[in-house]
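The values are calculated or read from the model by the stated rules, or taken from the named source; none is laboratory data. Computed from a predicted model, the values in this text were never measured in an experiment. Every residue, glycine among them, receives a Cβ derived from its backbone with ideal geometry; neighbour counts consider all protein chains shown. To get the accessible areas, we keep the full protein, side chains included, count just its heavy atoms, and leave off ligands, DNA and RNA. Shrake-Rupley method; radii C 1.70, N 1.55, O 1.52, S 1.80 Å.
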Amino acid sequence: MGRESFWTTEPDEFLRVGDGFVLADQPTDAHFGFDAGKAEGKEALAEGAEILGDLQERLFAAGTVGERRSVLLVLQGMDTAGKGGIVAHVVGAVDPAGAHYTGFKKPTPEELAHDFLWRVAKETPAVGHLGVFDRSHYEDVLIGRVRQLAPPEEIERRYSAINDFEKELEFAGTTIVKVMLNISKHEQRSRLADRLDRPEKHWKFNPADIDERELWDEYQDAYQIVFDRTSTEYAPWYVVPADRKWYARLAVQHLLIRALETLDLGWPEATFDVEAQKARLAAS
């Protein structure tokens, strides 16, 4: 069976944040639109990797001849939601020459001396590139709000600033795919326990993850506000059920493929006489 035969319907309508969206009502273990299980999901992911790789190469090639298009994948989610797995298993399938990954950590003193978008703007994808933000400018209205790292009026200002920033990116030719990996609190406990039980995963565990877990409800509220304020026509949010890692990876891959297909990029035409170059090569 081919990849598309597993998809019974486009999952976008189930994943996209629209009017009346309530995060608390969203299932975390669903596999919207995919009428099969884990084994078939892995098979479909492998087939989709070839499709995604081809589309990303077209994007990169188009950039070399002046087509000013790029794609930015924004990944958000609670600890253990699977952002690293998306980067490794989905984005890892494309040519690294045409991809740009940024994992945003705690701001440095230099970054804190500037507006919160300063460090983000420097990492947006160049023409022809697929960019990935592993965490992003949304940390500044998520942890910033929950941990009260900025005054309330500053947090409020940031929502509009983010919308303006993303509108500018879209106007400049960047297609933005914003994904929240929606994991359940129960599944997060299981994944954290797995890290503690396995010595080879201790390096991935951070005691601060439990501190953040204790603020679970506050983070869910903060995410709801993010969706209410910043899911726009030009940069909509998609909330992907993340309890099943295989489905989360497949769904994000699907969203990227659709974003690139929408660009409708062909291969650049040769700027030289192909037959003449073939003759030269044969004679060399």
Report summary line: Among residues of the stretch 226-284 being under 22 Å from LEU72 (Cα atoms) and open to solvent by 90 Å² or more (accessible area, probe 1.4 Å), the residue nearest to the chain's Cα centre (by Cα) is LYS245
**Report entry** Selection status of GLU233, assigned to a helix (DSSP H, G or I), at pLDDT 95 or above and acidic (Asp, Glu)
**Finding:** no
Report summary line: Within the stretch 257-272, of all residues that are free of Cβ contacts under 8 Å to residues at least 12 places away in the same chain and either in contact with an Asp or Glu (Cβ under 7 Å, 6 or more places away or on another chain) or among the acidic types (Asp, Glu) (or both), the one nearest to VAL127 (Cα to Cα) is ASP264
Report summary line: In the stretch 122-176, anything of a type in the set (Gly, Ala, Ser) and open to solvent by less than 50 Å² (accessible area, probe 1.4 Å) is listed as GLY128, GLY131, SER136, GLY144, ALA150, ALA161, GLY173
Report task. Return the total of residues in the stretch 99-131 being touching a residue at least 60 places away in the same chain (Cβ under 8 Å) and either basic (Lys, Arg) or on the phi < 0 side of the Ramachandran plot (or both). Result -> 5
Requested in this report: Within the stretch 181-211, track down each residue that is in a helix (DSSP H, G or I), of a type in the set (D, E, K, R) and out of contact with any Asp or Glu (no Cβ under 6 Å at 6 or more places or on another chain).
Outcome: LYS185, ARG189, ARG191, ASP194, ARG195, ASP197, GLU200, LYS201, LYS204, ASP211
Query - Residue that is farthest from PHE227 (Cα to Cα), among those in the stretch 98-121 that are of a type in the set (A, V, I, L, M) and open to solvent by less than 60 Å² (accessible area, probe 1.4 Å) - result: ALA99
Query raised in the report: Which residues, taken from the stretch 75-92, are surrounded by fewer than 19 Cβ atoms within 10 Å (Cβ to Cβ) and more than 23 Å from SER190 (Cα to Cα)?
Result: GLY92
Query raised in the report: If a residue has to be in contact (Cβ under 8 Å) with a residue 24 or more places away in the chain, open to solvent by 30 Å² or more (accessible area, probe 1.4 Å) and not β-branched (Val, Ile, Thr) to count, how many in the stretch 51-65 make the cut?
Result: 3
Requested in this report: Pull up the stretch 177-188, narrow it to residues that are touching a residue at least 12 places away in the same chain (Cβ under 8 Å) and surrounded by fewer than 21 Cβ atoms within 10 Å (Cβ to Cβ), then point me to the one that is farthest from GLY85 (Cα to Cα).
Outcome: LYS185
Query raised in the report: Which residue pairs have Cβ atoms closer than 7 Å, lie 6 or more positions apart in sequence or on different chains, and pair a first residue in the stretch 191-205 that is open to solvent by 100 Å² or more (accessible area, probe 1.4 Å) with a second residue that is assigned to a helix (DSSP H, G or I) and at pLDDT 95 or above?
Result: none
